[in-house]
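Below is one structure, written out as structure tokens; comments come after it.
The values are calculated or read from the model by the stated rules, or taken from the named source; none is laboratory data. This is a predicted model, so every value here is computed, not measured. Don't worry about glycine lacking a Cβ; one is built from the backbone with ideal geometry, like all the others, and counts go over all protein chains shown. What goes into the accessible areas is simple: the full protein's heavy atoms, side chains included, and nothing from ligands, DNA or RNA. Shrake-Rupley method; radii C 1.70, N 1.55, O 1.52, S 1.80 Å.
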Amino acid sequence: MSKQIQAIRGMNDCLPAQSGLWQHVESVIRQVVASYAYQEIRTPIVESTDLFKRSIGEVTDIVEKEMYTFADRNEDSLTLRPEGTACVVRAGNEHGLLYNQQQRLWYMGPMFRHERPQKGRYRQFHQFGLEAFGFAGPDIDAEVILLSHRLWQRFGITEHVSLEINSLGSNQARAEYKEKLVSFLRTRQNELDEDSLRRLESNPLRVLDSKNPQVQAVVKDAPKLIDCLDEESQQHFSALCERLDNFGIEYRVNPSLVRGLDYYNRTVFEWVTSSLGAQGTICAGGRYDGLVEQLGGKATQGVGFAIGLERLILMLQTLELDKEVAAPVDIYITALDESAELYAWQLSEQIRTTLPHLRVMNHCGGGNAKKQLKKADASGAKFVFIVGQNELQEQKVTIKFLREHTEQISVSRDQLIHFIQQSF
């Protein structure tokens with residue numbers, strides 16, 4: 001027997017038992033973004049490697065260690081997309097969607113990073129993200145945060161997540177702050193780990209983002225970026241906080257929040273949770289006013305966020321909120337003998353034509369009544385419609401209730417659609 005081929009480590013199958021929850025999550029997301037009038041954009045999974053080097057930054061973990069990069073037959077360097085924002089900006093520049101325009105866009109799909117696989121974090125993972133372009137004020141920052149908050153409300157996890165925000169200021173203010181930060185960190189460099197020492201030379205702001213407890217202790221004493229903001233950034237941040245206060249969105253200003261990608265400026269934010277054990281981020285984003293120009297377009301403001309769907313789904317499962325997902329079948333139809341089979345199929349096609357949102361399964365494969373009812377129950381359906389010789393002759397349907405203690409009933413074929421409409 002030949003060796004069985006298995007999935008690549010960190011790249012997982014989504015099996016039928018899991019797909020219902022994924023579809024539920026995706027459906028809620030689509031409903032919420034539509035309610036804010038955001039439009040979907042779909043970009044290729046493979047992009048030029050330079051796109052991510054120029055946007056994310058060459059001195060980042062993603063570019064240095066995690067990207068799936070390869071040369072194609074023309075020796076062009078290509079990369080499986082590790083995140084979505086750069087792809088959306090590239091598409092917007094290429095198709096003339098951004099300059100002197102306002103766009104509200106969203107995307108959803110697989111991303112790829114060669115990380116150590118762990119629960120909720122995989123090498124092929126899925127992100128939902130949105131991007132808004134052409135808006136300079138704090139109102140759009142507030143909108144994207146409100147939209148994310150509405151998602152938590154719809155999923156029933158509001159009390160399990162908390163919002164952290166910060167401002168990175170203007171490029172000039174950040175450059176001045178970097179000098180202060182580097183001067184401070186050099187006085188404590190014997191307490192920094194190897195990764196932080198390397199970042200001290202290349203990207204000192206990333207030291208603030210270190211997960212090493214010893215480095216975090218040093219960072220607590222470091223100068224705060226929010227204390228070095230330019231006046232315009234201070235006003236922008238204050239106006240954002242005022243809007244969040246007006247809508248009752250609780251938040252914590254976290255001076256160490258810098259985000260892992262180089263293109264952010266001014267507003268940055270994360271929604272974090274402790275429901276998955278150690279505190280984890282389930283949504284992160286911010287403002288990136290220089291990225292469009294950095295990638296060859298004309299100066300255009302941008303703001304957005306991304307959610308890792310695997311982590312969100314894991315959270316719903318951990319909190320046992322996945323029980324709300326509907327069973328894959330609404331109605332199961334059985335025929336007790338061959339003569340009733342055509343009648344059963346006619347019923348199912350009538351239901352699908354009249355009520356196309358319902359999921360109707362016809363029993364196939366024969367078997368006695370007991371076997372068919374057992375399969376109907378296992379399907380998760382709310383009802384099983386039973387037809388045999390008597391139902392065929394009288395043009396009726398016997399309805400057995402599978403999820404509640406109610407006596408089975410018999411209705412005429414003409415009454416059937418009305419019964420179904422009242423039941424779903």
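Label points 7 Å out from Cα along the Cβ direction at Arg352 and Gln39: separation in nm?
The two pseudo-label positions are separated by 3.4 nm.
Where does the charge balance sit around Leu358 when Lys and Arg score +1, Asp and Glu -1, over other residues with C-beta under 9 Å from its C-beta?
Working: positive: Arg352, Arg359; negative: Asp330.
Taking every other residue near Leu358 into account, the sum is +1.
For Gln389 and Lys371, compute 0.36 nm times the residue count separating them, minus their Cα-Cα distance, and round to one decimal in nm. Can you show the working numbers first?
Details: separation 18, 0.36 × 18 = 6.48 nm, distance 1.80 nm.
So the extension gain works out to 4.7 nm.
Shape of the range 136-177 from its Cα gyration tensor (a ≥ b ≥ c, root eigenvalues): rounded if a/c is under 1.5, otherwise prolate when a/b > b/c, or oblate? Intermediate values should be presented prior to the final figure.
Numbers: a/c = 6.02, a/b = 2.21, b/c = 2.73.
It is oblate, given that a/c is not under 1.5 and a/b is not larger than b/c.
Rounded, prolate or oblate: which one fits the range 249-331, using the alpha carbon gyration tensor with axes a ≥ b ≥ c (rounded when a/c is under 1.5, else prolate when a/b beats b/c, else oblate)? Display every interim value, and only then the final one.
On the way: a/c = 3.36, a/b = 1.78, b/c = 1.89.
Since a/c reaches 1.5 but b/c is at least a/b, the shape of the range 249-331 is classed as oblate.
Taking 0.36 nm per residue of sequence separation and subtracting the Cα-Cα distance, how much length would be gained by fully extending the chain between Ala7 and Thr187, in nm to one decimal?
Working: separation 180, 0.36 × 180 = 64.80 nm, distance 4.87 nm.
Roughly 59.9 nm would be gained on extension.
Return the carbon/sulfur percentage of the accessible area of the range 74-142, one whole number, probe 1.4 Å, all protein chains in place.
Values: 1180 of 2860 Å².
Here carbon and sulfur together make up 41 percent of the probe-accessible area.
Tell me which label goes with the value of percent of Cα pairs over 38 Å apart computed from the coordinates here: (i) 46; (ii) 37; (iii) 19.
(ii)
Using a basic spin-label model with each label point 7 Å from the Cα along Cα→Cβ, how many nm lie between Ser274 and Ala217?
About 2.1 nm, to one decimal.
Hey, what number do you get for the chain at 222 nm if only DSSP H runs of n ≥ 4 count, each worth -39500 (n - 2.57), divided across all residues, to the nearest 500? Present the calculation step by step, with values, prior to reporting the outcome.
Values: 14 runs with 160 residues, N = 424.
Helices in the chain give a 222 nm mean residue ellipticity of -11500 deg cm²/dmol.
So what's the convex hull volume per residue for the Cα atoms of the range 193-334, in Å³? Each step should come with its number before you reach the end.
Numbers: hull volume 30.4 nm³, N = 142.
Value for the range 193-334: 214 Å³ per residue.
With everything on Cα atoms, drop me the angle between helix 231-246 and the longest principal axis of the chain, reported from 0 to 90° to the nearest 10.
Computed tilt is about 30 degrees.
So if I place +1 on the C-beta of Lys and Arg and -1 on the C-beta of Asp and Glu, and nothing else carries charge, what would the dipole magnitude of the range 316-371 be about its Cα centre? I want it in debye, nearest 20. It would help to have the intermediate numbers written out before the result.
Numbers: 5 positive and 8 negative charges, 11 e Å.
Here the range 316-371 has a charge dipole of around 60 debye.
Can you tell me the accessible area per residue over the chain, all protein chains present, probe 1.4 angstrom, in square angstrom?
Numbers: 21860 Å² over 424 residues.
Spelled out: the 1.4 Å probe surface of the chain, per residue, equals 52 Å².
Can you give the log10 of the normalised intensity I(q)/I(0) at q = 0.14, 0.22 Å⁻¹, computed with Debye over equal Cα scatterers of the range 72-205?
-1.12, -1.25
State the percent of C-alpha pairs, over all pairs in the range 287-424, separated by a distance greater than 24 angstrom.
Numbers: 4462 of 9453 pairs.
So the pairs more than 24 Å apart make up 47 percent of the total in the range 287-424.
If you place +1 on the Cβ of every Lys and Arg and -1 on the Cβ of every Asp and Glu, how big does the dipole about the Cα centre of the chain come out, in debye to the nearest 20?
Working: 48 positive and 56 negative charges, 182 e Å.
For this selection, approximately 880 debye.
Would you mind checking the tilt of helix 138-155 against the longest principal axis of the Cα atoms of the chain, expressed as 0 to 90 degrees and rounded to 10?
For helix 138-155, the angle is close to 40 degrees.
Which value in nm describes the separation of the simple spin-label points at Asp337 and Asp139, placed 7 Å from the Cα toward the beta carbon?
The modelled label-to-label distance comes out at 7.2 nm.
For the range 338-415, what class follows from the C-alpha gyration tensor (a ≥ b ≥ c being the square roots of its eigenvalues): rounded when a/c is under 1.5, otherwise prolate if a/b is larger than b/c, else oblate?
Working: a/c = 1.19, a/b = 1.09, b/c = 1.10.
Taking the square roots of the gyration eigenvalues as a ≥ b ≥ c, the range 338-415 is rounded.
Assuming 0.36 nm per residue, please report the length gained on full extension of the stretch Arg154 to Ser19 beyond their Cα-Cα distance. It would help to have the intermediate numbers written out before the result.
Working: separation 135, 0.36 × 135 = 48.60 nm, distance 1.89 nm.
Result for the pair: 46.7 nm of gain on full extension.
Whole Å is fine, so just give me how far the alpha carbon centre of the range 344-411 lies from that of the range 18-36.
Between the Cα centres of the range 344-411 and the range 18-36 lies a distance of 29 Å.
Sorted by average packing, counted as other Cβ atoms within 10 angstrom per residue and highest first, what order do 77-83, 176-182 take?
On the way: 77-83: 19.1, 176-182: 16.4.
For the peptides 77-83, 176-182, the packing ranking is 77-83, 176-182.
Quick check: the angle from helix 413-423's long axis to the longest principal axis of the chain, C-alpha only, nearest 10 degrees?
Between the helix axis and the principal axis of the chain, the angle is about 30 degrees.
List the trypsin sites (Lys or Arg not before Pro) within the range 63-152 that fall in a DSSP loop (any state other than H, G, I, E or B) and whose Cβ has at most 15 other Cβ atoms within 10 Å.
Values: sites: Lys65, Arg73, Arg90, Arg104, Arg113, Lys119, Arg121, Arg123, Arg150; in loops: Arg73, Arg113, Lys119, Arg123.
In loop regions of the range 63-152 (DSSP not H, G, I, E or B), the sparsely surrounded trypsin sites (Lys or Arg not before Pro) are Arg73, Lys119.
Report the trypsin sites (Lys or Arg not before Pro) located in the range 214-278 that are in a DSSP loop and have at most 14 other Cβ atoms inside 10 Å of their Cβ, or state none. Mind showing how you got there, number by number?
Details: sites: Lys220, Lys224, Arg243, Arg252, Arg259, Arg266; in loops: Lys220, Lys224, Arg259.
Within the range 214-278, the qualifying trypsin sites (Lys or Arg not before Pro) (loop, at most 14 other Cβ atoms within 10 Å) are Lys220.
So how strong a dipole does the range 297-424 carry about its Cα centre when Lys and Arg Cβ are +1 and Asp and Glu Cβ are -1, to the nearest 20 debye? Before the final figure, lay out the partial values.
Details: 14 positive and 15 negative charges, 74 e Å.
Approximately 360 debye in magnitude.
For the range 191-234, with the dipole built from +1 on Lys and Arg beta-carbon atoms and -1 on Asp and Glu ones, taken about the Cα centre, which of Ser233, Leu200, Pro213 lies farthest toward the positive end?
Pro213
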